[in-house]
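All remarks here apply to the structure that follows.
The values are calculated or read from the model by the stated rules, or taken from the named source; none is laboratory data. Since this is a predicted model, take the numbers as computed values, not measurements. Ideal geometry is used to build each Cβ from the backbone, glycine not excepted, and the neighbour counts take in all protein chains shown.
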Amino acid sequence: MKKYRVADAAAPFVQYDMIQQHTELPAYAEPRLQLLFGALRSSKINMERSELYNIVTALVQLGMDTHDLIDTETGQRTEEQMRSRQLKILAGDYFSARFYHLLAKAGEVELIGLLSKAVADVNRMKVNLYEKVQAASLSAEDYLSSRINLKSEIFQPFKRFFEDPLSSIWEELLHYVSRFEVIYEELKDGIEAGGYARSFAYWSLLGMTITAEEKISIKQNEYEHLLEKYKIQSFMLDKLHTAHEAIHRLLDHEQLSGLKHELQSLTEEMAIKVAKYSRKRVEAQ
């Protein structure tokens, strides 16, 4: 079926020459937004409301993700770097303001409150994660769980719009789609995947019994040579497979055939991504 294009729907609210010329925005949360739109449509919510809920959620997430890109390092910056930083601050604030405006205009006061609380919860979780990173008191599974929760929190409130069986599996389905997204990002981006929170590979290696020299290399972010030695990417690919299989298992319910149809393009894209990294693993052996 034809894929719902988040970028096309949100374009009127985010495409401004000043932003495009002087800074970069993060990618849309495509998998989660496709999941949300498919769930809304399969629940017989009309197209106008489904698009509104998806667009405002995209704007909220984009605003937070844009703020996460703000350079917090001290020191001198060029004029262009300063302009880019300032625009990220303003763009993140603007996207959040548009979310409030669109929902208020539509009379969706309750959803404003629900999403605002979710934003506050995300910010609290980010602080907790940052403190654990600073204290180096983080396991690989804790790190993975934190990143999944940060991605899924904004989408949790929509459970109230669904009926069983979707309502009863929404949190689990959202978890596995977010999990797939996180692990795929980690496989694709490697060392830089988690930003200030490091990466799954980083925390996995630190948690292993390794030599003192290897531990120093890891803390200096010079550990690409260790990924193959300790088979970190193969371990992550297994997790990607598991998340993909869990999504199919959850959708394999006769009363969820409508949702399964709505999510066909998403699950096909996931299958392609799994196959891509499976081929890489075979080629490396």
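Here is the figure for segment 235-277: residues that are at pLDDT below 90 and closer than 30 Å to residue 206 by Cα total 2. For beta carbons closer than 8 Å, sequence separation of 6+ or different chains, a first residue in segment 164-178 that is without any contact (Cβ under 8 Å) to a residue 40 or more places away in the chain and a second that is among the hydrophobic types (A, V, I, L, M, F, W, C) and in a helix (DSSP H, G or I), the qualifying pairs are 175/148. Taking the criterion of being farther than 21 Å from residue 108 by Cβ, among the charged types (D, E, K, R) and either touching a strand residue (DSSP E or B) at 6+ places or on another chain (Cβ under 8 Å) or outside any loop (DSSP other than H, G, I, E, B) (or both), the residues of segment 137-170 that qualify are 141, 142, 147, 151. Selection of segment 227-249 for residues being buried (at least 17 other Cβ atoms within 10 Å of the Cβ) and over 27 Å from residue 36 (Cβ atoms) yields 227, 232, 233. Report yes if some residue within segment 94-106 is among the aromatic types (Phe, Trp, Tyr), under 20 Å from residue 179 (Cα atoms) and out of contact with any Ser or Thr (no Cβ under 6 Å at 6 or more places or on another chain); otherwise report no. No, there is no match, as no residue in segment 94-106 is among the aromatic types (Phe, Trp, Tyr), under 20 Å from residue 179 (Cα atoms) and out of contact with any Ser or Thr (no Cβ under 6 Å at 6 or more places or on another chain).
Just to be sure, is residue 91 modelled with pLDDT of 95 or more, out of contact with any Leu (no Cβ under 6 Å at 6 or more places or on another chain), crowded, with 17+ Cβ neighbours inside 10 Å and small (Gly, Ala, Ser)? So residue 91 does not fit the description; no.
Assess whether residue 204 counts as being part of a helix (DSSP H, G or I), of a type in the set (Ser, Thr, Tyr) and surrounded by fewer than 19 Cβ atoms within 10 Å (Cβ to Cβ). So residue 204 fails the test. Annotation note: Cβ proximity below 6 Å between a residue of segment 79-95 that is part of a helix (DSSP H, G or I) and of a type in the set (Ser, Thr, Tyr) and a residue that is modelled with pLDDT of 70 or more and surrounded by 13 or more Cβ atoms within 10 Å (Cβ to Cβ) (sequence gap 6+ or interchain) occurs for 84/23.
Summed over segment 128-141, residues that are closer than 17 Å to residue 182 by Cβ, of a type in the set (D, E, K, R) and out of contact with any Leu (no Cβ under 9 Å at 6 or more places or on another chain) total 1.
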